[in-house]
Each structure stands twice: as structure tokens, then as C-alpha cells.
Amino acid sequence: MTDQKVSQDVRQGLLDNILQELRRGTLVMVVLMNLKNQEYGYSLINKLQALGISIEQNTLYPLLRRLEKQGLLVSLWDTSESRPRKYYVISDLGRSILESVIKEWQHNNQIISKMI
Amino acid sequence: MKILDQYLYAINRKLPTQGKDEIIKELKSLLLDSIESRYGKTPTDSEVRSVIQEFGSPAKVAHEYGSASHIINSEYSDLYYLICKIVSLSLLGSFTIIFIIQVISEGLQNMNIPYHLLQLFSNTLFAAISAIGVITLIFILISKYVESADLDLSKDWTPDDLPEIPASKEKVSKAESIASIIFILIAITIFNTFPEIMNLGFYDFQDAGFSVGHTVLIDRFYDYMLFINIIWLIEIFYNVAALITGRITKSIRFIKIIIGVASISLFFTMYNDTSLYLGKLDLFGARGVFLLIAIIGCIELITNTVKLLFKSN
């Protein structure tokens, strides 16, 4: 009984890891797809949550900064409201990369669908 | 929202220097968005704490903004590169000054310039390599020690663990601290490799018909070099600590007072030590300089003590 319990825990742990890896792999694509119009960090979290994608704030915010550094996003501080906010939007480079990534995703999806 | 400022301050201390101000500005705006959307414009302290708790420990947040784990913690990497640059430049500066002094004292025609230039290059290179080696080792140990002591990456972290923001608003001038480190390193290198610099100019003055009271006995002066080196090393430590915290806290000012007391005692002792000088014991020469340093040290010590005792901020 205990052995069965342990193996269930191990199974769950492995599954969590694999699913986390899977989500992490698609995260950049998801973020780029959802920044065709400008969003700030918190509004993007809400937008993704509404679409059924839950992501931790302290994972998303550093990711936005990294993508900006890589030139895939551009940012702009809006200081017109009472609280300054940093808005992000996809760059031209980001758009062209996203296009290729989507093609690759569709290609892989076709292959994997045949396997299932 | 004092707790929010404490949280941001704790993250700020763990971030690499480059771009940290903007990260903090953005995080503040995002956390306020999160707090406001859940609890409105006047949240209670415990509501703010719950958002912070959920966001994660300062080390975890800073870790997400840094790159993968390094042998030297990303929190210290900028400081590490800065100190390596400062030390290399100071060594180059020191050996160049020694080279120039040699050119002046020996005369250009008596010197084998290519040999001395090669010596300048190799001295700087080897001294820099060994200095950077020691610095790297120290930073690796700091990273390892601090990481093992840093428990806030764990899930047990709570906002109650956040440190108080130092009360001092007196900010450290980065340029001043860096310049101080460079000057001290140059002084350490020159006075340890070329202590004869103390008597430089004495014979020129004499030849020109001026009477300078005394020269310094280099062997005796060398006995004092150990103490001078210790004071200079503590002074470097003080400047590095000031660079890390970015503010003059009470403990940092306390280090400055210790340096002040030590250097005043040392330079007054040197001023009074008659076995240190050869010739007339007047103030024309190194003896006068030591007295001047001690007097300036006294003024600085009084200022720092008054600030420590009476300045609440």
C-alpha cells in the first residue's frame, strides 16, 4: 500500500515536470502571439488567464524583459496616468520570428497528431 | 506601504547593477496593479503581505531576472567586474608612476628604455593576473557562503523576513568610492615596492641650495608599512561596502571612525618617532606631512562622530 502511494507520488512528480517543460517550451510563442497589441505586465497576465493559460507573475515579467533585450519586443513607458506603466508590443523581428515558429509548431503538430 | 518598499529594497540588493532601477520601477508598478485589482486602493498591511508572499521571495524574484546559476552570484557579478577593472587599472597606474620616477631619477640616457618598458608590461600583467585570481577566489567563496546562508529561496519565506531599509538617506558617491579604491591601490603598490619615494626630491632641493630638514630612514619606515597597509585595506573594505549598500549606514560610518582613530594614532606616532628621521627634526619634510595627515584625520573623525551620534537620518 505504502509502495503504491510512493510510486503514485513519483508518477505525479514526473508528470508535473514534463507538463511544466511542455508549457515552458510554448511560453515564448504564446507571449509573442498575445503582444500584437501593446499590453503591460499585469494586463497580459489577465489576458492569458482569460484564455486559460496560467503563468506565474515572477516568470512572465522577467521573460518580457529578456524578450525585449533580444529585440523580439519593444517597450514604452506610459507616464500619462497616475502610475507609470511599461507597455510591451511585438517588434518587426519578433513578428518574423513568430511567423517561423508558428510554421514549425504546425509542422510538429501534424507529425505528432499522426503519432497519437 | 512600508512592507512593499522593504520588499523592493530587498530585491534591489540582489539584482545585478545593470538595469536594476528600471526593473524595480516596473515591479513596483506591477505589484501595485496586482494589489489594487484585488484589494482596492486602500489595502491593509496583511493584504499587501499576501500579494508579496505569493509573488515570491526576493532571492527567487532576483534569480528569475538574473541568468542561470554562475560560479559568482549574479548579485555580485557587476561588482566583481568593476573591482577587477579597478585593480588592473590601479596596477598599471602604479607601475607607470614607478617607471616615470625611475626615468626622472636615473635620467633617460642612462636607462635601457625597452627593457624597462617590457618590465612595466610584465609587472602589470603578472600582478594583475595574481590579483584577479585572488579576487575571483574571494568572490566564489562569498557566492558560495551567501547562497548557502540564503534561506529565502525556500518556500518557508515570509514577508516578516524582510530586512529594514537603512534609515540613512546620505547616498554614496560611486565615483568617489571608485576613485578612493584606485588611489589606495596605487599607493599600496608604490609605497610597498618603492618606499624610497619618501625621500624623492630631497637631494634635488639640496642641490638647488634649499635646506630640507630631514630624510626618512627607509628601514624604519618599512616597519610602519605593515600598519599603513592594514589601514589602507580596511579603507578599501569600507569603500566596497559603501558601493554595495549605496548608502552610508551607521555600521559603515563606524568603520570609517575606526579607520580615522587608527590612522590618527599611527601618523602621530610616526610624527613623534625620532628614530624615523635623519637630520633636523623640524616640519620641513615628511614629518610635517605626517602631522598634516593626522590633523586632517582629526577633523574628519570629529565630523564622522558627530554625524554618527546626532544624525538620525
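For the residue pairs B:Lys2/B:Lys25; A:Lys86/B:Lys14; B:Lys85/B:Lys174; B:Lys20/B:Lys41; A:Lys47/A:Lys86; A:Lys47/B:Lys20, the C-alpha atoms sit more than 19 angstrom apart in A:Lys86/B:Lys14; B:Lys20/B:Lys41; A:Lys47/B:Lys20. Computed 3J(HN,Hα) for the stretch B:4-12, one whole-Hz value per residue from the Karplus formula 6.51 cos²θ - 1.76 cosθ + 1.60 where θ = phi - 60°, is 5, 5, 4, 4, 5, 5, 5, 5, 3, glycine and proline marked x. For chain B, the relative contact order works out to 19 percent when only alpha carbon pairs closer than 8 Å and six or more residues apart are counted.
Taking the centroid of alpha carbons for each part, the stretch A:1-73 and the stretch B:256-313 are 61 Å apart.
For A:Tyr87, the amide hydrogen comes within under 5 Å of the amide hydrogens of A:Leu76, A:Trp77, A:Asp78, counting only partners 5 or more places away or on other chains and with H modelled in the peptide plane. Entry note, the stretch B:1-97: relative contact order of 39 percent, from Cα contacts under 8 Å with a spacing of 6+ residues. Based on the Cβ-Cβ distance of B:Asp161 and A:Asn37, what FRET efficiency does E = 1/(1 + (r/R0)^6) give at R0 = 30 Å, to the nearest 0.05? The calculated FRET efficiency here is 0.15. Annotation: the residues B:Tyr39, B:Tyr76, sorted from fewest to most other C-beta atoms within 10 Å of their own C-beta, follow the order B:Tyr39, B:Tyr76.
Roughly how tilted is helix B:174-193, in degrees to the nearest 10 and between 0 and 90, from the longest Cα axis of chain B? For B:174-193 against chain B, the angle is about 40 degrees.
Report relative contact order for chain A in percent, whole number only (criteria: Cα-Cα under 8 Å, sequence separation at least 6). Relative contact order here is 24 percent. For A:Arg85, neighbours were defined as the other residues whose beta-carbon sits under 15 Å from its Cβ, and their charges (Lys and Arg +1, Asp and Glu -1) total -2.
Along the stretch A:39-54 the Karplus relation, 6.51 cos²θ - 1.76 cosθ + 1.60 evaluated at θ = phi - 60°, assigns HN-Hα couplings of 9, 9, x, 5, 5, 5, 4, 4, 4, 5, 4, 5, 8, x, 10, 9 Hz to successive residues, with x for each Gly and Pro. In summary, the stretch B:246-303 shows an alpha-carbon radius of gyration equal to 1.37 times the 2.2 N^0.38 Å reference for compact globular proteins. Considering only A:Leu51, A:Leu93, A:Gly41, whose Cα is most displaced toward the positive end of the charge dipole of chain A, charges sitting on Cβ of Lys, Arg (+1) and Asp, Glu (-1)? After comparing all options, I get A:Leu93.
Remark: chain B carries a charge dipole of roughly 480 debye about the Cα centre, counting +1 on each Lys and Arg Cβ and -1 on each Asp and Glu Cβ. Dividing the convex hull volume of the alpha carbon atoms of chain B by its residue count gives 163 Å³ per residue. Restricting the calculation to alpha carbons of the protein assembly as shown gives Rg and Dmax of 30.3, 103 angstrom. Charges were assigned to the Cβ only: +1 to each Lys and Arg, -1 to each Asp and Glu. The resulting dipole of the stretch A:2-115 about its Cα centre is roughly 120 debye.
Where a number appears in this text, it was derived from the coordinates with a stated rule and is not lab data. Quick caveat: nothing in here was measured; it's all calculated off a predicted structure. Positions of Cβ are backbone-derived with ideal geometry, glycine not excepted, and every protein chain shown enters the neighbour counts.
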